[in-house]
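Data first, discussion second: the structure below is written as structure tokens.
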Amino acid sequence: MKNPRSLTRDFLFQALYSKVFLWDSFNKEELISSFFGKECDEDLEMKDKNFTDKLDDVYFDEVFKGVIEKEWILAHIIWKFAPKFDIKSMPLINVLPVYIASYEMLYIKCDKIPVKVSIDEAIELAKTYWDDQWKTLVNGILN
């Protein structure tokens, strides 16, 4: 069983990926319902559905909003410090773990996350949603 922060990163990855394609029609509650495989009851607040023990809402909300708002800054920083990795030509599924970890390392306010944890979690996301070879690139970009 994943810890709440790892589970939240997994959910965050899927939420950011969904947001790219759904734009304004993105709905966090619908994604929670599909992510956890439960019916979404609009009459209940999220806390009443026992998701608070599974998701770190403060972390999710900060990083979700932050990655969206600072996407171009994150892309520029990655381009500047890892110029051989062409973010524009990489599939989104490969870039999102790097954005999440970069945001954590540069901007996170809700709590302190060690850099090594951010990198390790990004590598785990890359392995989960892509393949083991991508972990080397993620590690190279973030280091």
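The values are calculated or read from the model by the stated rules, or taken from the named source; none is laboratory data. Model, not experiment: these values are computed from the prediction. Please note: Cβ atoms are built from the backbone with ideal geometry, for glycine as well, and neighbour counts cover all protein chains shown. Each accessible area value is taken on the protein alone, full model and side chains, heavy atoms only, with ligands, DNA and RNA left out. Shrake-Rupley method; radii C 1.70, N 1.55, O 1.52, S 1.80 Å.
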Residue-averaged [θ]222 nm for the chain, counting only DSSP H segments that reach four residues, each worth -39500 (n - 2.57): -21000 deg cm²/dmol
What trypsin sites (Lys or Arg not before Pro) does segment 68-121 have in DSSP loop regions with at most 13 other beta carbons within 10 Å? Lys84, Lys109, Lys112
Solvent-accessible area per residue for the chain at a 1.4 Å probe radius, Å²? 61 Å²
Residue ranges of DSSP H helices in the chain that stretch 24 Å or more (Cα, own long axis) and have mean Kyte-Doolittle hydropathy of at least -0.5 are 4-22
Could you sort Asp57, Asp132 by their accessible area in this structure, using a 1.4 Å probe and putting the largest first? Asp132, Asp57
Pairs of Cα atoms under 8 Å, at least six residues apart: use those to get the relative contact order of segment 84-143, whole percent. 36 percent
If each of Phe81 and Trp130 carries a label point 7 Å out from its Cα toward its Cβ, how far apart are those two points in nm? 1.8 nm
Over 24 Å (Cα to Cα) - which of Lys19/Lys80; Lys2/Lys28; Lys54/Lys135; Lys2/Lys88; Lys88/Lys109 fall in this group: Lys19/Lys80; Lys54/Lys135; Lys2/Lys88; Lys88/Lys109
Taking Rg/Rh (Cα atoms, Kirkwood Rh) straight from the coordinates, which label in (1) 1.09; (2) 0.97; (3) 0.94 is the correct one? (2)
